[in-house]
Amino acid sequence: MGIFNKIRKTAVQNKSNNDLNVEGGVKEKEGNKTKKLKNNKCLKSNNVIIRPLVTEKSAYLNEGNKYSFVVDQKSNKIDIKNSILDIYKVMPININIINMKGKKVQRNGVKGKRVNWKKAVVSLPKNKKINIYEGL
């Protein structure tokens with residue numbers, strides 16, 4: 001293992017000369033200070049929103065300019081806001097996120113569980129609307 005540590009140390013020294021640290025994060029120079037930036041792995045807007053959620057409750061919420069979507073498990077409010085802006089060209093006022101647990105199911109004596117998922121309820125301004133029911 002001593003040989004590999006020597007190789008790793010020389011590789012880290014070479015990377016430090018190129019303004020990279022051990023974790024691979026990029027350093028930004030500010031005068032004589034260096035600031036470590038995290039590698040932000042953003043989701044693409046077409047991968048954040050999986051599909052609109054079409055239920056009786058969501059249809060009732062649509063009357064109040066609130067729209068429900070099934071979103072990716074890793075997405076946050078900022079990702080959802082940016083994807084709504086990219087896809088539907090509307091700036092949301094408020095976004096609420098709910099983590100939904102999968103239901104327990106039983107078929108032919110075999111017990112199982114459905115997949116956990118994340119729901120987002122997006123509030124829009126009064127004069128803006130999204131046409132979700134186009135393809136239905």
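General observations
- Of all residues in region 86-115 being surrounded by 11 or more Cβ atoms within 10 Å (Cβ to Cβ) and either touching a residue at least 40 places away in the same chain (Cβ under 8 Å) or small (Gly, Ala, Ser) (or both), the one that is nearest to Lys57 (Cα to Cα): Gly102
- Region 99-136, residues that are of a type in the set (Val, Ile, Thr) and more than 24 Å from the chain's Cα centre (by Cα): Val105, Val110
- Breaking point among (1) surrounded by 17 or more Cβ atoms within 10 Å (Cβ to Cβ); (2) modelled with pLDDT of 95 or more; (3) farther than 18 Å from Lys129 by Cα, for Val48: (2)
- Within region 83-98, the residues that satisfy the criterion of being modelled with pLDDT of 95 or more and either outside any loop (DSSP other than H, G, I, E, B) or under 13 Å from the mean Cα position of the chain (by Cα) (or both) are Asn94, Ile95, Asn96, Ile97, Ile98.
The values are calculated or read from the model by the stated rules, or taken from the named source; none is laboratory data. The structure displayed is predicted, hence computed values, not measured ones. When we count neighbours, we look across all protein chains shown, and the Cβ atoms used for this are built from the backbone with ideal geometry, even at glycine.
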